Amino acid sequence: MHYVQQFLFIIAVAVTSYLITQRVKLISRAIRLGRPEDRSANPGERLKTMLLVAFGQKKMFANVPVAIMHFVIYVGFIIINLEILEIILDGVLGTHRLFAPFIAPVYPFLINVFEALAIGVIVVCVAFLLRRYVLGVSRFQPERHEEMRPRWPRLDAGLILTFEIILMLAFLTWNASDSVLRDRGVGYYGDLKGVIGDFAFSQYLKPLFTGFSDTALVAYERAAWWLHILGIMFFAVYVTYSKHLHIALGFPNVYFSDLKPKGEMTNMPEVTKEVQLMLGLTPSDATGGNDNGEQPENIGRFGAKDVTDLRWINLMNAYSCTECGRCTAECPANITGKKLSPRKIMMDTRDRLEDIQQGWKQHGPDHKDEKSLLGDYITVEEINACTTCQACVNACPININPLDIILQLRRYKVMEEAQAPASWNAMFSNVENNMAPWKFSPSDRFNWAEQINGK
């Protein structure tokens with residue numbers, strides 16, 4: 001029976017590794033659909049930003065109680081799963097608590113820390129479930145936000161939180177039943193009797209197992225062990241389909257995020273070149289290239305109609321989005337009843353990528369459908385409502401930039417299809433002719449100052 005467990009465990013690890021690998025390949029290929037862009041400059045500043053924003057969760061501390069809870073559940077879950085190393089080795093080698101004899105003085109301390117964090121994770125998960133489904137935080141409510149009306153966005157969050165509670169309970173009861181077996185000296189459990197004792201929190205669960213026979217107790221301990229490790233394997237696969245993919249992508253997403261000042265829009269090199277030439281600059285001065293002065297090979301499409309027109313970082317942003325809705329909660333257009341929701345922009349972009357992946361699976365890697373991000377997923381009404389105020393960018397805990405996608409979609413409508421609201425066209429004309437959004441001569445620009453001075 002012991003060897004059967006080893007064999008089954010190795011099979012489980014192999015299947016999990018295969019599924020994750022296949023999923024990672026698909027996601028990686030989907031992100032690479034975006035236009036290339038070099039974001040390797042300033043590695044020191046990028047690393048600092050990643051440590052502060054992704055690991056330190058700097059932006060989350062705008063709301064201190066929620067930030068602390070989020071930090072507990074995030075760090076707790078990551079640190080607890082360091083024990084996976086021992087569990088995997090035990091499963092492959094057929095051992096039991098492999099590290100305990102070698103680090104006996106510190107082993108109980110480590111498990112006690114893991115258990116304390118497990119309690120913290122359980123408490124925080126329950127609190128988050130209450131906030132979401134009982135207290136009814138506005139940004140999660142489907143009647144307020146269109147993107148939350150499908151069942152999946154709401155179910156996904158509940159599943160993750162419930163699943164983490166189950167995993168932590170399995171971990172604690174596994175430790176408790178293991179301690180009882182160790183006290184009784186049953187089989188190889190007894191080999192550690194006197195080497196390690198009870199653990200800080202699971203010892204209080206030991207009375208639950210005092211009435212169990214040795215056979216029943218071994219069965220429960222094995223069941224809890226399998227539930228914990230198989231649950232983690234399932235979680236690892238599930239996350240690649242879930243909004244919680246930010247657990248893995250949050251760090252690189254912040255590392256490669258924009259370092260330029262907030263509010264600075266990226267000019268199109270081709271348009272910049274034309275403007276420079278109109279201003280009388282010589283062709284050698286009007287490079288029209290990127291930051292390195294490199295010329296694009298071809299102009300291609302102005303703006304973006306589909307995900308293939310966006311940059312790769314935009315697509316990584318979409319996969320990194322945790323759908324927390326902080327961007328939408330801060331968006332003035334959404335607050336005033338406009339249809340725009342920055343969270344929906346990111347969710348729609350990810351949905352588009354997922355639909356493309358499904359096409360690859362069903363029809364082959366070269367399949368292309370007739371859909372596009374703009375029109376089939378995101379409407380013109382949504383993108384035109386944006387005021388480009390950067391509120392959504394500032395609110396995102398992991399530096400996702402919905403505004404960049406919105407601007408690229410708007411550029412397509414204006415420059416490729418010549419479709420813009422009449423008021424916009426008037427503004428464009430004034431900027432071109434008068435160098436200001438208002439319709440008055442540049443020579444009259446400072447008349448207001450003279451009036452103020454009483455002249």
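The values are calculated or read from the model by the stated rules, or taken from the named source; none is laboratory data. As the structure is a prediction and not an experimental result, all values here were calculated from the model. Virtual Cβ from ideal backbone geometry, glycine too; neighbours counted across all protein chains shown.
Could you please find all residues in segment 182-196 being part of a helix (DSSP H, G or I) and basic (K, R)? Give the steps one after another, and end with the answer.
Taking segment 182-196 and keeping what is part of a helix (DSSP H, G or I), we get 182-184, 187-192.
Passing the criteria: R182, R184.
Please list, ordered by first then second residue, the pairs with beta carbon atoms under 6 Å, 6 or more apart or interchain, first in segment 150-174 and at pLDDT 85 or above, second assigned to a helix (DSSP H, G or I) and charged (D, E, K, R).
From segment 150-174, the pairs are D156/K243.
F199: surrounded by 19 or more Cβ atoms within 10 Å (Cβ to Cβ), among the hydrophobic types (A, V, I, L, M, F, W, C), assigned to a loop (DSSP other than H, G, I, E, B) and in contact with a helix residue (DSSP H, G or I) (Cβ under 8 Å, 6 or more places away or on another chain), yes or no?
Values: surrounded by 19 or more Cβ atoms within 10 Å (Cβ to Cβ): yes; among the hydrophobic types (A, V, I, L, M, F, W, C): yes; assigned to a loop (DSSP other than H, G, I, E, B): yes; in contact with a helix residue (DSSP H, G or I) (Cβ under 8 Å, 6 or more places away or on another chain): yes.
Answer is yes for this residue.
Is there a residue in segment 193-209 that is at positive phi and at pLDDT below 90? Full working, then the answer.
Taking segment 193-209 first, the residues at positive phi are 194.
Still in the running and at pLDDT below 90: 194.
The answer is yes, given that some residue of segment 193-209 is at positive phi and at pLDDT below 90.
Looking at I68, I87, I79, I73 in this structure, which one is more than 23 Å from G56 (Cβ to Cβ) and not charged (D, E, K, R)?
Numbers: I68 fails: more than 23 Å from G56 (Cβ to Cβ); I79 fails: more than 23 Å from G56 (Cβ to Cβ); I73 fails: more than 23 Å from G56 (Cβ to Cβ).
It is I87.
For M415, indicate whether it is outside any loop (DSSP other than H, G, I, E, B) and surrounded by fewer than 21 Cβ atoms within 10 Å (Cβ to Cβ).
Values: outside any loop (DSSP other than H, G, I, E, B): yes; surrounded by fewer than 21 Cβ atoms within 10 Å (Cβ to Cβ): yes.
When the stated conditions are applied, M415 passes them.
Quick check on this structure: which one of T349, T388, T379 is over 20 Å from the mean Cα position of the chain (by Cα), at pLDDT 90 or above, surrounded by 14 or more Cβ atoms within 10 Å (Cβ to Cβ) and among the hydroxyl-bearing types (S, T, Y)?
Details: T349 fails: over 20 Å from the mean Cα position of the chain (by Cα); T388 fails: surrounded by 14 or more Cβ atoms within 10 Å (Cβ to Cβ).
Just one listed residue meets the conditions, T379.
Suppose we keep only residues that are part of a helix (DSSP H, G or I) and touching a helix residue (DSSP H, G or I) at 6+ places or on another chain (Cβ under 6 Å) within segment 28-48. Which one would you say is surrounded by the fewest Cβ atoms within 10 Å (Cβ to Cβ)?
Pass one, segment 28-48, residues part of a helix (DSSP H, G or I): 28-31, 43-48.
From the residues that got through so far, the ones that are touching a helix residue (DSSP H, G or I) at 6+ places or on another chain (Cβ under 6 Å) too are 30-31, 46.
On the way: A30: 22, I31: 19, R46: 17.
For segment 28-48, the residue satisfying everything is R46.
Is there any pair with a first residue in segment 353-373 that is touching a residue at least 60 places away in the same chain (Cβ under 8 Å) and a second that is surrounded by fewer than 14 Cβ atoms within 10 Å (Cβ to Cβ) whose Cβ atoms are under 7 Å apart and which are 6 or more apart or on different chains, and what are they?
W360/H367
The rows are residues; the columns are (1) small (G, A, S); (2) loosely packed, with under 11 Cβ neighbours inside 10 Å; (3) over 22 Å from G263 (Cα atoms).
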| position | (1), (2), (3) |
| --- | --- |
| R410 | no, no, no |
| F428 | no, no, no |
| N434 | no, no, yes |
| N453 | no, yes, yes |
